[in-house]
Every structure is written in structure tokens, then in C-alpha cells.
Amino acid sequence: MTATRVCTLSELEQDSALRVEVDGVAICVVRDSSDEVHAIGDVCTHGDISLAEGFVDGDTIECWAHGSAFSLRSGKPLNLPAYEPVPVFAVVIDGDDVLIDPAVKKEV
Ligand code: FES
């Protein structure tokens, strides 16, 4: 499978998240304050909550429901109640396009 274009860079505001779906996989795409783009599994591992609805802070995103923050780099939760990581996906930037293949996990 090849990477799918999920959005353009200009559609991603700094410090904000966008929920996209590729091949049935919900992915939270974040452009951080350093303009780095991250892609992690969108579903919080503590409950059925979209992480893209949470709060971006540096290279973390916080679930709005109970406050677990996840590293955008490793997918690991940094505080309870979540304790299982979310997957992290490799992101390819091609010009203005953001491409993700949900089959390709990023090495962390
Ligand atoms: S559902 Fe995300 S921290 Fe509880």
C-alpha cells in the first residue's frame, strides 16, 4: 500500500490537530509549534475519545476527557489514567501535501 494524501500543510494550523481516516484507521495529524507534522492513532487508549479534539502543547496532545497527555513522538501517555501508547505513523511531506500510510509505523 502506498501513502495517502490526507491534507495539505496549509490546512494544518500550528498547535492544532486534525482527525483524518485512512483505510479505516483514525489518525490524529498535528502540526506543532516548530512546524513539525506528527501522526498518531486518534483514539485515546483510555476511552473512545478523539485525541484530535484535545489540546496540543509542544510535542504532546492532551485528551480532553480525563487529561492524559500523549507524546506526539512516541505515542506514549505521559500521565494517568491512560497507560497504553497509541501508534505513531510515518509522515511524508511532498510539497504542500501531507501523506500517511497507516501500515507504516514510525520507529520510536
Ligand atoms: S478518555 Fe482519554 S484520558 Fe480518559
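We did not get these values from a lab; they are worked out from the coordinates using the rules stated. From a predicted model like this one, the values you see are computed outputs, not experimental measurements. Positions of Cβ are generated from backbone atoms using ideal geometry, with glycine treated the same way; all protein chains shown enter the neighbour counts.
Kindly establish whether Thr4 is under 18 Å from Lys106 (Cα atoms), polar (S, T, N, Q), away from the ligand (no atom under 16 Å from the Cβ) and in contact with an Asp or Glu (Cβ under 8 Å, 6 or more places away or on another chain).
Working: under 18 Å from Lys106 (Cα atoms): yes; polar (S, T, N, Q): yes; away from the ligand (no atom under 16 Å from the Cβ): yes; in contact with an Asp or Glu (Cβ under 8 Å, 6 or more places away or on another chain): yes.
Considered against the rule, which asks whether it is under 18 Å from Lys106 (Cα atoms), polar (S, T, N, Q), away from the ligand (no atom under 16 Å from the Cβ) and in contact with an Asp or Glu (Cβ under 8 Å, 6 or more places away or on another chain), Thr4 comes out as yes.
Does Arg5 satisfy the condition of being more than 13 Å from the chain's Cα centre (by Cα), in a strand (DSSP E or B) and not aliphatic (A, V, I, L, M)? Yes: the conditions hold for Arg5. Contact map, region 38-55: first residue touching a residue at least 60 places away in the same chain (Cβ under 8 Å), second residue assigned to a strand (DSSP E or B) and more than 8 Å from the ligand (Cβ to nearest atom), Cβ cut-off under 6 Å, separation 6 or more or different chains; pairs are Ala39/Ile27; Ala39/Val29; Ala39/Phe89; Ala39/Val91; Ala39/Ile100. Only residues that are buried (at least 17 other Cβ atoms within 10 Å of the Cβ) and either within 13 Å of the ligand (Cβ to nearest atom) or on the phi < 0 side of the Ramachandran plot (or both): list them for region 60-75, please. Answer for region 60-75, where residues must be buried (at least 17 other Cβ atoms within 10 Å of the Cβ) and either within 13 Å of the ligand (Cβ to nearest atom) or on the phi < 0 side of the Ramachandran plot (or both): Thr60, Ile61, Glu62, Cys63, Ala65, Ser68, Ala69, Phe70, Ser71, Leu72.
Considering only residues in region 1-26 that are of a type in the set (Gly, Ala, Ser) and surrounded by 13 or more Cβ atoms within 10 Å (Cβ to Cβ), the one that is farthest from Asp57 (Cα to Cα) turns out to be Ala3.
Going through (1) assigned to a loop (DSSP other than H, G, I, E, B); (2) surrounded by fewer than 20 Cβ atoms within 10 Å (Cβ to Cβ); (3) away from the ligand (no atom under 11 Å from the Cβ) one by one, Ala90 falls short only on (1). The criterion of being more than 8 Å from the ligand (Cβ to nearest atom), under 26 Å from Thr2 (Cα atoms) and assigned to a strand (DSSP E or B) holds for Val98. Scan region 28-45 and give yes if some residue there is within 10 Å of the ligand (Cβ to nearest atom) and in a loop (DSSP other than H, G, I, E, B), otherwise no. Within region 28-45, one or more residues are within 10 Å of the ligand (Cβ to nearest atom) and in a loop (DSSP other than H, G, I, E, B).
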